[in-house]
Amino acid sequence: MEREKIRELIAKMTLEEKANLCSGADFWHTESLERLGIPASMVSDGPHGLRKQDQEGDHLGVNDSITAVCFPAGCATAASFDTAMIGKLGETLGECCQAEDVSVILGPAINIKRSPLCGRNFEYYSEDPYLAGKMAAAYINGVQSKHIGTSVKHYMGNNQETRRLSVDAKIDERTLREIYLPAFEEAVKGAKPWTVMASYNKVNGEHVSESKKFLTDILRDEWGFDGYVVSDWGAVCDRVQGIRGGMDLEMPASHGLRDELIVRAVKDGSLDEALVDKAVENILNIVYRYQEHRDPSAVFDREKDHQLSGRIARECIVLLKNEGVLPIDFKRAEKESVAFIGKFSKDPRFQGGGSSHITCYQKTGAFAAAKALGFEDKIIYAKGYEDDRDVIDETLMQEAVEAAKKAKVAVIFAGLPDAFESEGFDRKHMRMPDCQNRLIEEVAKVQPNVIVVLHNGSPVEMPWVGKVKGIVESYLGGENVGTAQMEILSGMFNPCAKLPETFPKKLSDNPSYLNFPGVGNEVEYKEGIFVGYRYYEKKEMDVLFPFGHGLSYTQFTYSDLKIDKDRIREDEPLTVTLKVTNSGSMAGSEVVQLYVSDKESRVVRPVKELKGFAKIFLDQGESKEVSFTLDQRAFSYYETAISDWFVESGEFEILVGASSSDIRLQKTVYVEGTKKLPVVYDLDSTMGDVLKDPRAAKLVEPIRKASTMEELTITEGEGMGAGADEMATAMEEFAPLRNVLSFGNGTMTPDRLQEIVDEMNRP
Ligand code: BGC
């Protein structure tokens, strides 16, 4: 319905009716208004499957929902680095929603992985905002191509579960702009989500669900968002302030209680009714956008989607380590020569707990998948551990050791049990259960060929990393993860995913370690912009597995890197091309990564930052050209002095490689920045800074003359020691202008000095 028509409808409503439309009818529906023929519409979780609840609503995954297909969670799909594939996932989810009459799916969840401990990392994409933003936009475009809305969440600063409803995240402006906002910015600008979900927490003292800065100034005015903002379930505190800030829809229903507050505030003049009208308009715009594009032909084909879930999962599995043990030739393997150890081989952990929890259509673990491929007799199984308690069961372990001894290779299916990570609480540490770590150590003592297959939503410490020959990271791979694991283990499919986050060696290496999850209701993001690889690289710290890492069964050769210009102005695009060749012996896909590094900067910047990636499929021996276009954002940092992005003139390195620590090619480009930073001189301005500005340098001459600095000659051996020249230079460079009053032999008066400074500041 056109906005004009919606406004005409709103003009016919009473204030009470309008207030009523600003909150849900129940847990999952927007309000209807029969008198004016306005329909209700349903929303459901998300993000990696449809969690439509038929009866009793809850948002913690406690009550049942309809049977649906569970796709790989965000932690996994991000590892695919495959925007086309995540778009396909989105389309499929959109189709299910059409079939089930759900107007909006509550996802994607795209908060930055600040700490490996965040209980909800399994739903989130990355430590890198560029990757998270691109994946989010692809998901949204996919879902919305089916005329179903998305709800990008949790906007913003919701990077932990501890006290998520009350915590105040203290984040400085540059860090907000460079790390915590850009994924949302890309999602909004690149895919126009129908809705955005305001998070529970506060940022810098203000609840996001009431913040005009975040919900209106940035989201709507800067980024052009035109849908409705919905509160996370229960995120509303001051409803009237929320309306002022731009929080349109309260969920779930407040049973009229808070609608009444809106009515009262309008009546007593403390709330402008036009703001209520605007909120209703935003909501109805989306309600009708859905209603007018209902697709009665849509079908939710669970069997087909189960297969798709497996195909997506195989694109998401990261081969972390392979010392010649993979792939396993199951076809030629002798009877009982491959030990499958661990409960997760039969009953894998493939999704997380909480609001995203899906009532699955089917579950296929690796053991079942092996059976379906006819490999059952090649496998000897041992359970190894229990996953509902972390207790070493000597009998289970002994059985596992015996199985491993008999076999030629032992594949241990391990990872985090449900109790270790979930929505609602954070992890206490970064370790796997002790019983599993011990199991791996014991098996590795008797079997030289050990492969560990992991199931987890976030990095784990691997004390046994040097004792096993293969490590396969499945993340939480959805209900058909077993099929995907078997395809990777057997070499039917060539692994092609890369880590969307760094695996540090230990938790205390992580930059948020000293400030996570904060003290009481306050958490300070003291590491600033140095999140994930931005920190580890700057600190030159060894990590377990770097950002972007992932192996293949083939090799890729990078060559012919070209940039279309050696020198650009910041507003000109730069085209980067290169050739990638599959020089190994198996077809496969490669994720080519492009990073930009500022060679010299006036501010502290990361060593490099991801600014492009492409996933390409190459047959054996095939070559393809890969091309990237960089815009000025690729070279910018956020400069708080101008409240804007800023490119410093100078040289930048364009780095292309197979991971953040495997850069294969590089080129240098000179970028000319065109914006000027405002300079305000005062008595604390240093001589060095002033002399860089030719106009100011001229004006400052009398000060230099008056000061003894010029004549100040310090020579070695006169008590100053070696380096005296450098010291004298440094003393002038860092001398504030006011020094002339102390060291100018009385030749410069305070008034005269101030006059000169005023003149320097004159435009
Ligand atoms: C979660 C959201 C979810 C909502 C509805 C909240 O607790 O944070 O991600 O969409 O519940 O279930």
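The values are calculated or read from the model by the stated rules, or taken from the named source; none is laboratory data. What you are looking at is a predicted structure, and each value in this text was computed from that prediction instead of being measured. Note: ideal-geometry Cβ built from the backbone for every residue, glycine included; neighbour counts use all protein chains shown. The accessibility values were calculated without ligands, DNA or RNA, using every heavy atom of the protein model including side chains. Shrake-Rupley method; radii C 1.70, N 1.55, O 1.52, S 1.80 Å.
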Could you state the principal axis extents of the C-alpha atoms in the chain, from the largest down, to the nearest angstrom?
97, 76, 50
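Exceeding 27 Å between C-alpha atoms, which entries from my cross-link table qualify? They are Lys18/Lys153; Lys539/Lys611; Lys579/Lys599; Lys331/Lys506; Lys579/Lys608.
On the way: Lys18/Lys153 25 Å; Lys539/Lys611 21 Å; Lys579/Lys599 25 Å; Lys331/Lys506 39 Å; Lys579/Lys608 22 Å.
Over 27 Å Cα-Cα: Lys331/Lys506.
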With a 1.4 Å probe and every protein chain kept in, tell me what percent of the accessible surface of region 198-248 is carbon plus sulfur.
43 percent
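How high is the relative contact order of the chain, in percent, counting Cα pairs under 8 Å that sit 6 or more residues apart? Show your work: numbers first, answer last.
On the way: 1792 pairs, mean separation 97.6, N = 763.
The value is 13 percent.
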What net charge do the residues around Ala79 carry, taking every other residue with its C-beta under 10 Å from that of Ala79, with Lys and Arg at +1 and Asp and Glu at -1?
-3
Region 692-706 and region 600-623: distance between their alpha carbon centers, rounded to Å:
45 Å
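Of the GluC sites (Glu not before Pro) in region 473-562, which ones lie in a loop per DSSP and count no more than 11 other C-beta atoms within 10 Å? Let's see the in-between values first.
Working: sites: Glu473, Glu479, Glu487, Glu501, Glu522, Glu524, Glu527, Glu537, Glu540; in loops: Glu479, Glu501, Glu527, Glu540.
Listed in order of number, the matching sites are Glu540.
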Enter the accessible area per residue of the chain (Å², integer; probe 1.4 Å; all protein chains in place).
39 Å²
Positive minus negative residues near Leu737 (Lys, Arg vs Asp, Glu; Cβ under 11 Å):
-1
When the Cα centres of region 296-342 and region 152-199 are compared, how far apart do they sit, in Å?
34 Å
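Which entries in the list Lys52/Lys134; Lys526/Lys667; Lys676/Lys698 go over 23 Å, if you measure between the two C-alpha atoms of each?
Numbers: Lys52/Lys134 27 Å; Lys526/Lys667 33 Å; Lys676/Lys698 20 Å.
Beyond 23 Å: Lys52/Lys134; Lys526/Lys667.
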Distance between Cα centroids, region 733-763 to region 448-514: provide it in whole Å.
62 Å
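Beyond 32 Å between alpha-carbons counts as too far, so tell me which of Lys88/Lys170; Lys346/Lys498; Lys363/Lys469; Lys113/Lys406 fall in that bin. Walk me through the numbers before you get to the answer.
Numbers: Lys88/Lys170 37 Å; Lys346/Lys498 25 Å; Lys363/Lys469 28 Å; Lys113/Lys406 42 Å.
Over 32 Å apart, Cα to Cα: Lys88/Lys170; Lys113/Lys406.
Do any GluC sites (Glu not before Pro) in region 262-314 lie in a DSSP loop with no more than 16 other beta carbon atoms within 10 Å, and if so, which? Walk me through the numbers on the way to the answer.
Numbers: sites: Glu273, Glu281, Glu292, Glu303; in loops: Glu292.
Here the GluC sites (Glu not before Pro) that fit, given the DSSP loop and packing criteria, are Glu292.
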Tell me the GluC sites (Glu not before Pro) within region 310-355 that lie in a loop according to DSSP and have at most 12 other beta-carbon atoms within 10 Å.
Glu323, Glu334
At what distance in nm do the modelled label points of Met541 and Val680 sit from each other, each positioned 7 Å from its Cα along Cα→Cβ?
3.7 nm
Per residue of the chain, what 222 nm ellipticity follows from adding -39500 (n - 2.57) for every DSSP H run with n ≥ 4, rounded to the nearest 500?
-8000 deg cm²/dmol
